[in-house]
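Asker: Please read through the structure below; I'll follow up with questions.
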């Protein structure tokens, strides 16, 4: 079942067109990347999905149809700007926000205890939110987003202000939620996190779809005609290789148009080259992002 369907949405504010034509669908239980440069229309798209803005054209289906007040309790949204009450204790703040999503006080307190311990915030629960570090507030914001057990979670820059240990905690949590069937939409500029977590992506630029689909398919589409080789020693010369380039401790062999990776591998094996690694050179999502936006006229 598709948790989200966005079809040809358009939105303008006066003479400024924030979204020109954006479409995508998201399956239940996947982590989906909503990507784009600054000002591309991502936040406006999210606000249309959440019924904060009405589209000028197009349609949005959330959890099987139009967004209703009841459905809003089944959604968790973490905006890039923190939305916690700064002048009250952390525990009180999170319990109050959970009550707005329909959780009973007893259930909210029980769930919160586990999350506070997991994210190393239990000893800080009586501190005012404004007394917490940026990283602690980021973790608290995430707890507020997921505490009521939403079916759909939308997170904007979820790793901001987090150190590597807490980044890993958040990634582990997101994977657990996916296994449980939760759908997660992640908007971020940290492309390496997208590569690690997301099943599919949409890349928006100037309010329009630029790339959309399975991440592996997109990477293959942008792959250069090259292979990456690691060997225990120097590689022998191979016919059909146009250029040899150092590549993160390995060697990247740029192939001539008529040469296939299989040709190169056979030639290396035939010469007894001590090959330890051999793979098609795949671009990073950072490289794809830069190339696609550049080709799109950004």
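Asker: Could you say which residue among 287, 243 is loosely packed, with under 12 Cβ neighbours inside 10 Å, out of contact with any helix residue (DSSP H, G or I) (no Cβ under 6 Å at 6 or more places or on another chain) and either outside the structural domain of residue 160 (by TED's automatic domain parsing) or at negative phi (or both)?
Answerer: Working: 287 fails: loosely packed, with under 12 Cβ neighbours inside 10 Å.
Every option except 243 fails the conditions.
Asker: I'd like the full set of residues that are assigned to a helix (DSSP H, G or I) and touching a residue at least 60 places away in the same chain (Cβ under 8 Å), limited to region 247-291. Outline the logic, then answer.
Answerer: Initially, region 247-291 is screened for residues assigned to a helix (DSSP H, G or I), giving 261-270, 285-291.
Once the filter is applied, which keeps residues that are assigned to a helix (DSSP H, G or I) and touching a residue at least 60 places away in the same chain (Cβ under 8 Å), region 247-291 yields 285, 286, 287, 288, 289, 291.
Asker: Could you check how many residues of region 246-267 are crowded, with 16+ Cβ neighbours inside 10 Å and under 26 Å from residue 284 (Cα atoms)? Working first, answer last.
Answerer: Here is the first cut: in region 246-267, the ones crowded, with 16+ Cβ neighbours inside 10 Å are 250-253, 255, 259, 261, 263-265, 267.
Filter once more, so that each one left must be under 26 Å from residue 284 (Cα atoms): 250-253, 255, 259, 261, 263-265.
Qualifying residue count, region 246-267: 10.
Asker: Turning to a different aspect of this structure: Would you check which residues across region 106-121 are under 28 Å from the mean Cα position of the chain (by Cα) and assigned to a helix (DSSP H, G or I) and list them?
Answerer: Taking region 106-121 first, the residues under 28 Å from the mean Cα position of the chain (by Cα) are 108, 111-121.
Hits for region 106-121 are 108, 111, 112, 113, 114, 115, 116, 117, 118.
Asker: Residue by residue through region 161-218, note down the ones that are within 16 Å of residue 283 (Cα to Cα), touching a strand residue (DSSP E or B) at 6+ places or on another chain (Cβ under 7 Å) and in a helix (DSSP H, G or I).
Answerer: 194, 215, 218
The values are calculated or read from the model by the stated rules, or taken from the named source; none is laboratory data. None of these values were measured; they are calculated from a predicted model. All Cβ positions, glycine included, derive from the backbone under ideal geometry; neighbour counts span all protein chains shown.
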